Each structure stands twice: as structure tokens, then as C-alpha cells.
Amino acid sequence: MIAGRLPILLLAALALLAGGCATQTPASRAFSFALMGDVQYTSYEQKQFPLLLDAISAEQLAFVVHIGDFKAGSHAPCTDQLYATRLAELNQSRHALIFTPGDNDWVDCRRASNGRDQPLERLQKIRQLFFATPFALGANPLPLLRQSAADAGDPVLRRYVENAMWEHNGVVFLTLNIQGSNDNLGFDTASDREHAERTRANIAWLKRATAKAREHDISGLAVFLQANPGFEQPPAQVRMSGFAEFLATFEDEARRLAKPVLFAHGDTHQFRVDRPYISPLDRQPVANVMRVETFGSPWFDWVRVSVDASSPDGMFRVSAGGYTPAKGSD
């Protein structure tokens, strides 16, 4: 990014978050967006992906969120060429597409079958390619507030160009770099240090978003991350994991917010909806939070999230996208 443009772009993004749509009626503020991720693990899925993206592009949607893992976790080297190919593919979306990376995309690049690349070097490459501007990917240039700009004065937080925030029709949305593979914890000293710094950044970004969501003209919050932080694991195991600190903070912030919250993730490849969210830490419900997990390989589909603050059935409604592979495309 050109340094001289940064203040202007940051002001534009802050204005976007501050503006809202106060003159709209509740009915006119209803919208839908797409959630996807954990795809292109096989040659079949690679062939299908452009068709899936075309099907999503044909829908009336506000934007698309890709929660990471654009490649398999093993036997899929993390090459510059693959990254460039995936970036070009995501940019084919007619809608604005907000991407947050997954563990397959950088954490698991250390595996022998992936070429034993250095995860932190691969994460830096992803940052350079996928987050080079303050806008979403795709054909619709949706402005995003990036943590690297919002927290430019902090020597740690300014690294997190991948953490993004935006507001649409009275809802605050944010992405967080939280990964499967125990969030890069427990591999070596450098990774443990990286995990601790990234956890600090993610918590700071979450708190900034919930502070924005407390404003009177904001009706809800949606959080996107790659990792399944342990919803199907024993709570004692989750409390010892790399997700525990973030989860405790998220649940405390959500309860204090007392507005509808969507917690969306991937990682374990099962389309699931929990309403209410059940804490992985203690199995207690958080009444104002809904959890959704998107489809993942080998299940090849997307998830529609409909948002309507005036709905008596709840602000967030979730359904399968209903993608049907093209005949003869296998």
C-alpha cells in the first residue's frame, strides 16, 4: 500500500463503520451473505470450484466470506504458484469476497508432505498477496478496516493485516486469524511465541468490534475464523488448548454485548448449527450466540446466512446453499 494513501483509506474505512444506514426501515435492512471454506482439497473440487463460485455469484448476496483452507492439509505443497492461483480464483467472485486464512494454508506447510516450509514465512507471503489493499477480494470493492491500519501505532498489532472489520446494515462483521492444528501452539518456541502474539491481536480486535457493536444503531455482531475451537471435544481438553484464552474472552464479550452474535467457523467440515452456542469450555449455553460451521471437503456446498433484525425467529437464519454439480463435471 502507498504510505501517503493510508490516512485517507483509514478514514474512509472508519467512516464506513461509523455511517450505518439510519434512514432505512427494518425490512429494507434484511440481507443475505455466503459462507464457504475448506474446499479444493482434490482435483475434482478444483474443477468444481469455479462453478461453485459462479453459482454463488448468481445469488443476491451482500458479500461472501471464505473462512480459509483453500488446499488440503497434506500432500499439497504451499507454493507461491498455488497462492497466486487461489488469489486469482477468489477474485472471480462477482460479490465482494472476504478471506481469512486457514491452517492448511500456512500452519501445516511445515509437514513433510507439504515440503517442510516455514509457517511464519508462508503466512507473510499470504499477507502480501491476499491483503495488499484495504478492500475485499472479488469484483465489488468493499472497503474493510484492517487491524494493521486501525492499530498502526502498536508494533505487534500492526502486523495483522488479515484481521478485517466492516459494517453492513447495522451489523458489525470481523475476521480473526485463529487456526486449526491447535492454533499453531506446541510445535516449537517460535510458534508458541507467534501464537501468544496472535492471540493478543485477535482478542484486541474482538474487543474493538464488540465496542462498536454496543452502539445504539448496531443490531448484532458476526465473527469469522477458521478453527473449530473444540465444540465436539471434552471441555477439560479445550481448557488446555490454544483456544482457551480466546474462547473465554469471546464468551464474556458476547454476554456483555447482549445482542445477537453469529460465531462462524470451518475446520471440521460438517455443516452444523447450534442455537444457542454451547461453550466448548464448560458446555454452558450463551443464549444470544448462534454457532454455524460451513461445509468442507468432501461435502461441496456453501452456506447461506440471512440477516434480519426484525425477524421474530432470530436475527440470523442459516441454510445450505444447495449447490448442484454440473452434469458431467466429475
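Residue 240 satisfies every condition listed in (1) in a loop (DSSP other than H, G, I, E, B); (2) hydrophobic (A, V, I, L, M, F, W, C); (3) in contact (Cβ under 8 Å) with a residue 24 or more places away in the chain except (3).
Can you find a residue that is out of contact with any helix residue (DSSP H, G or I) (no Cβ under 6 Å at 6 or more places or on another chain), among the polar types (S, T, N, Q) and within 15 Å of residue 224 (Cα to Cα) anywhere in the range 255-272? Taking every residue of the range 255-272 in turn, at least one turns out to be out of contact with any helix residue (DSSP H, G or I) (no Cβ under 6 Å at 6 or more places or on another chain), among the polar types (S, T, N, Q) and within 15 Å of residue 224 (Cα to Cα). Does residue 116 satisfy the criteria of being part of a helix (DSSP H, G or I) and among the basic types (Lys, Arg)? Answer is no for this residue. Would you pick out the residues in the range 239-261 that are more than 21 Å from residue 201 (Cβ to Cβ) and hydrophobic (A, V, I, L, M, F, W, C)? Hits for the range 239-261 are 240, 258.
Is the range 40-50 home to any residue that is outside any strand (DSSP E or B), modelled with pLDDT of 95 or more, out of contact with any Phe, Trp or Tyr (no Cβ under 7 Å at 6 or more places or on another chain) and within 22 Å of residue 184 (Cβ to Cβ)? Within the range 40-50, one or more residues are outside any strand (DSSP E or B), modelled with pLDDT of 95 or more, out of contact with any Phe, Trp or Tyr (no Cβ under 7 Å at 6 or more places or on another chain) and within 22 Å of residue 184 (Cβ to Cβ).
From 226, 270, 233, grab the single residue that is in a loop (DSSP other than H, G, I, E, B), under 21 Å from residue 183 (Cβ atoms), in contact with a Ser or Thr (Cβ under 7 Å, 6 or more places away or on another chain) and touching a residue at least 12 places away in the same chain (Cβ under 8 Å). Please lay out each step first, then the result.
Numbers: 270 fails: in contact with a Ser or Thr (Cβ under 7 Å, 6 or more places away or on another chain); 233 fails: in contact with a Ser or Thr (Cβ under 7 Å, 6 or more places away or on another chain).
Checking each option against the conditions leaves just 226.
Go through the range 80-97 residue by residue and tally those that are hydroxyl-bearing (Ser, Thr, Tyr) and touching a residue at least 24 places away in the same chain (Cβ under 8 Å). Residues meeting the conditions: 2.
Rundown of residues vs (1) surrounded by 16 or more Cβ atoms within 10 Å (Cβ to Cβ); (2) at positive phi; (3) not acidic (Asp, Glu), yes/no style:
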{"residue": "69", "(1), (2), (3)": "yes, yes, no"}
{"residue": "82", "(1), (2), (3)": "no, no, yes"}
{"residue": "86", "(1), (2), (3)": "yes, no, yes"}
{"residue": "98", "(1), (2), (3)": "yes, no, yes"}
{"residue": "104", "(1), (2), (3)": "yes, no, yes"}
{"residue": "142", "(1), (2), (3)": "yes, no, yes"}
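Taking first residues from the range 109-131 that are free of Cβ contacts under 8 Å to residues at least 24 places away in the same chain and partners that are buried (at least 19 other Cβ atoms within 10 Å of the Cβ), the Cβ contacts under 6 Å between residues at least 6 apart in sequence or on separate chains come to 123/106. Looking only at residues in the range 304-330 that are modelled with pLDDT under 90, closer than 20 Å to residue 55 by Cβ and not aliphatic (A, V, I, L, M), the one that is surrounded by the most Cβ atoms within 10 Å (Cβ to Cβ) is 325.
Among the criteria (1) of a type in the set (Gly, Ala, Ser); (2) surrounded by fewer than 17 Cβ atoms within 10 Å (Cβ to Cβ); (3) at pLDDT 95 or above; (4) out of contact with any strand residue (DSSP E or B) (no Cβ under 6 Å at 6 or more places or on another chain), the one residue 28 does not fulfil is (3).
Any residue at all in the range 119-140 that is in a loop (DSSP other than H, G, I, E, B) and within 21 Å of residue 267 (Cα to Cα)?
Pass one, the range 119-140, residues in a loop (DSSP other than H, G, I, E, B): 131-134, 136, 138-140.
Within this subset, residues satisfying the condition of being within 21 Å of residue 267 (Cα to Cα) are none.
No, every residue in the range 119-140 fails to be in a loop (DSSP other than H, G, I, E, B) and within 21 Å of residue 267 (Cα to Cα).
The set of residues in the range 287-300 that are crowded, with 19+ Cβ neighbours inside 10 Å and at pLDDT 95 or above comprises 289, 290, 291, 292, 293, 294, 295, 296.
Applying the condition of being surrounded by fewer than 23 Cβ atoms within 10 Å (Cβ to Cβ) and among the β-branched types (Val, Ile, Thr) to the range 163-209 and asking which residue is farthest from the chain's Cα centre (by Cα) yields 189.
Residues in the range 273-286 that are part of a strand (DSSP E or B) and free of Cβ contacts under 8 Å to residues at least 40 places away in the same chain were compared, and the one that is surrounded by the most Cβ atoms within 10 Å (Cβ to Cβ) is 277.
Within the option set 20, 37, being modelled with pLDDT under 50 and of a type outside the set (Phe, Trp, Tyr) holds for one residue only, 20.
The values are calculated or read from the model by the stated rules, or taken from the named source; none is laboratory data. Note that the structure is a prediction, hence the values are computed from the model and not measured. Heads up, the Cβs are rebuilt from the backbone with ideal geometry, glycines too, and the neighbour counts pull from every protein chain shown.
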